[in-house]
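The values are calculated or read from the model by the stated rules, or taken from the named source; none is laboratory data. What you are looking at is a predicted structure, and each value in this text was computed from that prediction instead of being measured. Note: areas computed on protein heavy atoms with side chains; ligands, DNA, RNA excluded. Shrake-Rupley method; radii C 1.70, N 1.55, O 1.52, S 1.80 Å.
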Amino acid sequence: MASSAVEPMTASSRAVSADAAVEQLYAAHWRALVRLSVLLVRDTGTAEEVVQDAFVAMHGRWHKLREPDKALAYLRQAVVNRSRSVLRHRQVVDRHARVEQERAEVTTPGADKAVLDRARRDTVLDALAALPRRQREVLALRYYLDLSEAQIADTLGISRGAVKSHASRGAEAMRRNLGELLEDPS
């Protein structure tokens with residue numbers, strides 16, 4: 001008596017059927033799926049990659065498809081989902097690029113920065129040179145060498161009170177002479 005039971009599918013027969021089925025779907029629907037993805041991602045090369053990835057993923061999961069006759073619907077959904085992923089990725093990349101560009105704009109000095117810095121320095125040095133000798137010496141020792149009042153007093157051979165007085169008067173004269181420069185935030 002001949003058995004009418006169908007032989008169970010082996011791994012190699014499933015692979016052959018997956019290969020044949022995916023080849024048929026590819027030949028019949030690849031172009032339409034690429035057009036679908038192009039409409040979403042607006043780039044033919046990216047759309048082709050999206051569709052190719054969808055076919056590869058479906059081939060790898062062919063044995064898990066409950067209804068192989070709905071493979072085209074699966075592919076369409078996979079193409080739409082992968083296209084969405086591409087768009088999300090682009091948004092993230094664009095956002096990070098904008099943030100980096102804003103940082104670069106904030107931290108990158110202009111071409112004239114060196115000229116402006118030199119002009120500021122010259123202005124400060126001119127204002128310092130306009131001070132009386134003792135005030136100029138006290139301010140230079142205090143702010144350039146970062147010496148304490150006691151160290152300045154010892155260096156110049158004057159009292160600590162005189163150091164405080166010269167520093168106060170010199171700083172006030174500098175503020176007066178550099179008023180606009182001190183107010184400039186750049």
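Note down the accessible area of T155, probe 1.4 Å, to the nearest 10 Å².
Here the accessible area works out near 90 Å².
In what order, largest first, do M174, M58 sit by accessible area if the probe radius is 1.4 Å?
M174, M58
Need one value: the accessible area of V93 in square angstrom, 1.4 angstrom probe, rounded to the nearest 10.
It works out to around 70 Å².
With each run of n ≥ 4 DSSP H residues scored as -39500 (n - 2.57), what mean residue ellipticity at 222 nm is computed for the chain after dividing by its residue count and rounding to the nearest 500 deg cm²/dmol?
Value at 222 nm, helices only, nearest 500: -25500 deg cm²/dmol.
Any chance you could look up the accessible area of H96 with a 1.4 Å probe, heavy atoms only, rounded to 10 Å²?
Solvent-accessible area, nearest 10 Å²: 110 Å².
Is the chain best put as rounded, prolate or oblate by its Cα gyration tensor, with a ≥ b ≥ c the root eigenvalues, rounded for a/c under 1.5, and otherwise prolate when a/b is larger than b/c, oblate when not? Don't skip to the answer; put the middle values down first.
Details: a/c = 7.87, a/b = 4.24, b/c = 1.86.
Prolate shape, in that a/c is at least 1.5 and a/b is the bigger ratio.
If I compute solvent accessible area with a 1.4 Å probe over the protein chains, what percent of it on the chain is carbon and sulfur? Let's see the in-between values first.
Details: 7360 of 13640 Å².
C and S atoms contribute 54 percent here.
Where does each of I158, I152 land when they are ordered by accessible area, with a 1.4 Å probe and the largest first?
Highest to lowest solvent-accessible surface, that is I158, I152.
Using heavy-atom solvent-accessible surface (probe 1.4 Å) with all chains present, what is the largest-first order of K113, K164?
Ranking K113, K164 by accessible area, largest first, yields K164, K113.
Roll a 1.4 Å probe over the protein chains and send me the accessible area per residue for the chain in Å².
On the way: 13640 Å² over 186 residues.
That works out to 73 Å² for each residue.
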